[in-house]
Amino acid sequence: MSSSLLTPDPGLVFWMTIAFGIVIFILGKFGFPVILDKIESRKKFIDDSLDAAKQSFEKLEHTREQNQALIDAANKEKEKIWREAAKQRELILEKAKQKAIQETKHLIESARIQITQEREEAISAIRREVAQISVDIAEKVLRENLKDKESQMSMIERLVDEINLS
C-alpha cells in the first residue's frame, strides 16, 4: 500500500493527462485569450494613464513657467509704474514749487508797488497838508501885517517890483 500511494496507476495517469489536456485546451481556447485581452487592455489603460499623467505634468510645468513669466512681467510693470509715478510726483512737486515761487514773487512785487503807491499818496497828503497849513499861516501873518492901508500899499509895491524884476 505504501507503494501504491507513491506510484500512481498507469490508467489514472492516462485519464489525468487527458483531463489535464482538455482543461488546458478549454482554457487555451476560451480562458486565456479573455484573460490576456483583459491584461492587455489593463496594460494599455495603465500606459495611457501614464502618458496622460506625463502630459498633464508637462502642461502643469508649462503653465507654471507661464505663470512665473506673467508674475515676472507684472513685477516689471509694477516697478515701471512706480518709477513713472515717482517721476510724475517729482514733476508735479517741481511745477508746484515753481508756481509758488512765481506767485510769491508776484505777491512781493504787488506789495512793493502798493507800498510805493501808498507812500507817494502819504507824501502827497503830507505836502497838501503842509501847503494848507503854510497858506493858513501866511494868511494869518499877512492879515496881521496888512491891517492898515499903508502896509498894504507898501506890500503891493514891493510885489510889483519883484514881478517886474523877474
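What to note about this one:
Per-residue answers, yes or no, for (1) among the polar types (S, T, N, Q); (2) open to solvent by 80 Å² or more (accessible area, probe 1.4 Å):
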| residue | (1), (2) |
| --- | --- |
| LYS99 | no, yes |
| SER110 | yes, no |
| THR116 | yes, no |
| ALA125 | no, no |
| ASP148 | no, no |
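- Checking each residue in segment 1-26 for being open to solvent by 70 Å² or more (accessible area, probe 1.4 Å) and either in contact with a strand residue (DSSP E or B) (Cβ under 7 Å, 6 or more places away or on another chain) or at pLDDT below 90 (or both) picks out MET1, SER2, SER3, SER4, LEU5, LEU6, THR7, PRO8, ASP9, PRO10, LEU12.
The values are calculated or read from the model by the stated rules, or taken from the named source; none is laboratory data. Fair warning: this is a prediction, and the values are worked out from it, not measured in the lab. Cβ atoms come from the backbone with ideal geometry, glycine included; neighbour counts cover every protein chain shown. Side chains included, ligands, DNA and RNA excluded: accessible areas come from the protein's heavy atoms. Shrake-Rupley method; radii C 1.70, N 1.55, O 1.52, S 1.80 Å.
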